[in-house]
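Undergrad: Take this structure first; my questions come after.
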Amino acid sequence: MKKFKMNINGNEYEVNIINVDDNIAEVEVNGEKFNVELEKKVQVSKTPKLVRSVVSPSTDIDKSTSKTSKPNEAKGVGFIKSPLPGIILSIEVNVGDEVKVGQRLMVLEAMKMENNINADKSGKIVSIKVKTGDSVMEGDLLIEIGA
């Protein structure tokens with residue numbers, strides 16, 4: 001129920017909207033009930049509002065964000081994240097493998113297209129967070145590369 005206070009031609013009115021059904025509104029004005037016919041049919045939206053979380057850059061290749069390491073952090077440490085939602089088709093590396101910049105790490109199928117996920121840092125594969133056949137969302141952590 002919605003309550004409104006209105007001032008019309010110097011007169012105060014307290015209006016409560018009790019119910020709206022199709023184009024008929026049941027209202028109460030200063031304690032007296034009225035059925036009011038609306039000119040247009042009121043439509044309540046049944047579509048839910050989707051709230052999307054903030055997505056971090058998919059890899060450290062993004063030039064718009066400065067990438068610096070902390071003084072005590074090992075150089076070359078990085079995380080490979082999914083650039084878009086999809087399914088992991090194949091993983092080309094194993095934990096402990098040495099990789100170089102640009103080397104293919106895995107293949108991701110998204111929108112019926114195969115996308116190569118390449119290393120953006122040189123280093124050793126510390127952990128692989130997914131397996132073949134897994135579904136991933138944009139920004140999900142795939143692989144951790146260490147020094």
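Undergrad: Which aspartates and glutamates have a Cα less than 18 Å from the Cα of residue 46, not counting those fewer than 8 places away in the same chain?
TA: Straight-distance partners of residue 46: 21, 22.
Undergrad: Amide H of residue 134 versus every other amide H placed in the peptide plane: which residues, excluding those fewer than 5 positions away on the same chain, fall under 5 Å?
TA: When sequence neighbours closer than 5 places are left aside, the close amide H contacts are 88.
Undergrad: Going by C-beta contacts inside 10 Å, put 135, 53 in order with the fewest on the left.
TA: 53, 135
Undergrad: Also, quick follow-up: Order of 21, 134, 120 from fewest to most other C-beta atoms within 10 Å?
TA: Ranked by crowding around the Cβ, least crowded first: 21, 134, 120.
Undergrad: Express in nm, to one decimal, how much length is gained between residue 20 and residue 35 on full extension, taking 0.36 nm for each residue of separation and deducting their alpha carbon distance.
TA: Gain on extension, residue 20 to residue 35, equals 4.4 nm.
Bear in mind that the values in this text are calculations on the coordinates, not laboratory data. Keep in mind that what you see is a predicted model, and the values were worked out from it rather than measured. In this analysis, Cβ positions are derived from the backbone assuming ideal geometry, glycine residues included, and neighbour counts consider all displayed protein chains.
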